[in-house]
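To start, the structure under review is shown below, and the notes come after it.
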């Protein structure tokens, strides 16, 4: 689980990028996670293709990116349909469901927001994100994969063109844990570019838990990215 931080009073619980295209992340396990989190008032589901591809082949999962993209797209359609609580049927290339009704339904209505994670400069993840509620871009040509404010502005414009507007759409910047207190100076540029969230992830090394606690104690340090 990941905690996406803003400067508001609420902090959502979220599995940052869940590979619905794998057997351990397919729609039924997503529904199980929904049931576990049904008592949480604010949840975001983060999804993506998953990487590296070699980890999928070790467990007999498809490594082909195109097939995993198909599984992801169909899986999201299935989840959204089942979250409605109404009788639902689906017949796709990879999944066949129902007719069935799913309960408990999410407390958030009309459904849990879906954020799509994906690499830039590829166009596919951005186009997929535009069909849902948010985008977490990771730029393969930037240090640490962290998208720059110019990258975020380009994402905002492209999302706006695809959706007709960026209203009610989230763009999250995924960075490393700000242990040195240097992020505050960079966030205004990201806010101006259209970012609505800043997500910090600790590196897997000794002392990471203490670093997270210290960072949480320091707080957001800046005005909300939403202005």
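Numbers at a glance
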read-out: Fraction of antiparallel bridges per DSSP, segment 116-227 only, in percent to nearest 5; value: 10
read-out: Rg over Rh [alpha-carbon atoms, Kirkwood Rh] for segment 96-152; value: 1.17
read-out: Fewest-first ranking of 94, 139, 217, using other Cβ atoms within 10 Å as the exposure measure; value: 217, 94, 139
read-out: For segment 116-227, alpha-carbon Rg and Dmax in angstrom; value: 14.4, 46
read-out: Cα→Cβ-extended label distance, 7 Å offset, between residue 177 and residue 66, nm; value: 4.1
read-out: Proxy reagent accessibility, fewest Cβ within 10 Å first, across 204, 89; value: 204, 89
read-out: Residues 61, 167, 210, sorted so that the one with the fewest Cβ neighbours within 10 Å comes first; value: 167, 210, 61
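Taken together, the values in this text are just the output of simple stated rules run on the coordinates, not laboratory data. The shown structure was predicted, so the numbers you read here are calculated from the model rather than taken from an experiment. Note that we place each Cβ from the backbone using ideal geometry, even for glycine, and neighbour counts take in every protein chain shown.
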